[in-house]
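Taking it in order: structure first as structure tokens, then the write-up.
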Amino acid sequence: MAEWRRRTYLVDRSFQIKYILLLMAWGVVLSALFGLWTYQAHQQAIETVVRGPAQRALVDRADRQLMWPLVGIGALSVTALGLLGFVLTHRVAGPVYVMGHFVNLLAQGRYPTRRALRKHDELQGFYARFLDAIEAMKERDERHVGKLEETIVLLRGAVARVPELGVALEVLEREVKDRREALAESTSPAAGVFPLSLEGRGQG
């Protein structure tokens with residue numbers, strides 16, 4: 001049996017691709033402007049220095065040799081900006097994805113398990129406050145459930161005198177049971193959920 005790890009690099013595909021392409025487009029524009037400026041400066045220098053056909057032919061050959069390194073530098077610049085965009089968006093999209101998953105769990109009445117982001121992720125401070133807010137909600141829910149349990153004890157003593165309370169008591173007991181199960185449930189964002197390093201196990 002062998003272990004394998006699968007990483008999800010495009011966590012939020014539309015967001016990441018949008019800004020990667022935007023940075024690459026800026027790279028193309030800047031490279032084109034730099035190339036145009038270099039060409040104009042070069043042409044002015046040629047007009048000043050070149051005097052005869054032999055010199056012109058020599059300069060033209062040098063121009064062709066110089067063109068490819070300039071194109072290569074421009075391509076490398078565009079690629080570097082694209083990689084920079086990937087790294088930056090990856091460090092933002094991951095935490096946002098995790099918090100979105102946590103919000104979905106809260107909407108279902110469940111509480112996620114606290115988990116730290118990776119060291120180089122962005123939004124560390126906001127994420128910490130987000131987890132603190134979830135913890136405060138959970139503690140408040142636990143207090144409310146405790147109060148409901150106290151109320152159930154009182155209702156059980158009153159059912160013998162007021163049988164009509166039996167139906168309300170059953171509904172309340174089911175609700176408290178569901179809330180206790182949700183509070184006790186260990187909902188972890190680990191395998192298959194945490195987006196920056198989705199891990200899986202397979203057999204090889």
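The values are calculated or read from the model by the stated rules, or taken from the named source; none is laboratory data. Here the structure is a predicted model, which is why all the values come from computation and not from measurement. Heads up, the Cβs are rebuilt from the backbone with ideal geometry, glycines too, and the neighbour counts pull from every protein chain shown.
Being charged (D, E, K, R) and in a helix (DSSP H, G or I) is the filter here; which residues of region 9-34 pass it?
Those that are charged (D, E, K, R) and in a helix (DSSP H, G or I): Arg13, Lys18.
Please specify each residue of region 93-124 satisfying the condition of being part of a helix (DSSP H, G or I) and either of a type in the set (Gly, Ala, Ser) or in contact (Cβ under 8 Å) with a residue 60 or more places away in the chain (or both).
Ala93, Gly94, Val96, Tyr97, Val98, Gly100, His101, Phe102, Leu105, Ala107
Which residue out of Val176, Val162 is β-branched (Val, Ile, Thr), not assigned by TED's automatic domain parsing to the domain that holds Leu88 and not in a helix (DSSP H, G or I)?
The unique qualifying residue is Val162.
Which one of these is within 34 Å of the chain's Cα centre (by Cα) and closer than 22 Å to Tyr19 by Cα: His101, His90?
Step by step, each of His101, His90 is checked, and only His90 is within 34 Å of the chain's Cα centre (by Cα) and closer than 22 Å to Tyr19 by Cα.
Go through the residues of region 70-85 one by one and say whether even a single one is out of contact with any Cys (no Cβ under 6 Å at 6 or more places or on another chain), closer than 30 Å to Arg180 by Cα and at pLDDT 85 or above.
no
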